[in-house]
Amino acid sequence: MNLQVEDEKELSGTGVQVEIMPEVLNEHNSWWKYKQMLRGPLAEFAGVMVLIIFGNGVNCQVVLSSNSSVAASPKGGSVQDYLSISFGWAVGTAMGVWISAGISGGHINPAITLAFATWRGFPWKKVPAYIFAQVMGGLVGAALVYANYFHAIDIFEGVRLENQVAALMDDLAAGLHD
């Protein structure tokens, strides 16, 4: 059995001869360049998304569970609420940085990206992609939290958003006819 590596060697105690073909190691498929360009922004997207899911998720959980219309047995207390929210955001921040740090540096904030580009030598050509990915990660994270809690939010608010928009449109239409 022959394997191909850098130069012919005998693997320690196995009796297997190995030789390498350098031209095979340096070849990349056609998507490699694009994958390398997208790694950092995608890591930032995932990191910010996780941050917002944990942070806004704990905010919704604390605020909505304090309402007797939403929760069967309202929970609460200012110290417990404060600790829940603080720990939720702390875990979200830690998880977001942990997810993205190995690939992109774990900025998870456009201000950090701009500061790194200004004072730490982060390439300016990557800044727009990172900021776009961070904003989109926040948007998707918030949309996922809203999708999870929209029934409870509607109960808490008392009126559905569609009804509010319809009432606004009626008021605007009435104002145009006066």
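Accessible area per residue for segment 67-119 in Å², computed with a 1.4 Å probe and the full protein assembly in place, what is it?
Counting only protein heavy atoms, the per-residue value for segment 67-119 is 62 Å².
Taking square-rooted eigenvalues a ≥ b ≥ c of the alpha carbon gyration tensor, is segment 81-178 rounded, prolate or oblate, where a/c under 1.5 means rounded and, failing that, a/b exceeding b/c means prolate?
Oblate is the answer for segment 81-178, as a/c is 1.5 or above yet b/c matches or exceeds a/b.
Ignoring ligands and nucleic acids, what accessible area does H28 show with a 1.4 Å probe (Å², nearest 10)?
110
At 7 Å along Cα-to-Cβ for each site, give me the label-to-label distance between K125 and A101 in nm.
Label at K125, label at A101, 2.9 nm between them.
Would you work out if segment 40-92 is rounded, prolate or oblate? Take a ≥ b ≥ c from the square roots of the eigenvalues of the alpha-carbon gyration tensor; rounded if a/c is under 1.5, else prolate when a/b is larger than b/c, oblate otherwise.
Cα axes put segment 40-92 in the oblate bin.
Assign one of three labels to segment 80-119, namely rounded, prolate or oblate, based on the Cα gyration tensor with a ≥ b ≥ c the square roots of its eigenvalues; rounded applies when a/c is under 1.5, prolate when it is not and a/b is larger than b/c, and oblate otherwise.
Oblate shape, in that a/c is at least 1.5 and b/c is the bigger or equal ratio.
State, to one decimal in nm, how far the label point of A115 lies from the label point of N67, with both points 7 Å from Cα in the Cβ direction.
3.6
In whole percent, and with a 1.4 Å probe on the protein chains, what portion of the accessible area of segment 61-127 is carbon and sulfur?
65
With label points built 7 Å along Cα→Cβ from the Cα atoms of A147 and L168, find their separation and express it in nm.
Reported label-point gap for A147 and L168 is 2.3 nm.
The values are calculated or read from the model by the stated rules, or taken from the named source; none is laboratory data. Since the model is a prediction, treat every value here as computed from it, not as a measurement. Counting neighbours? That spans all protein chains shown, and the Cβs are built from the backbone with ideal geometry, glycine included. The area values use the complete protein model at the heavy-atom level, side chains included, leaving out ligands, DNA and RNA. Shrake-Rupley method; radii C 1.70, N 1.55, O 1.52, S 1.80 Å.
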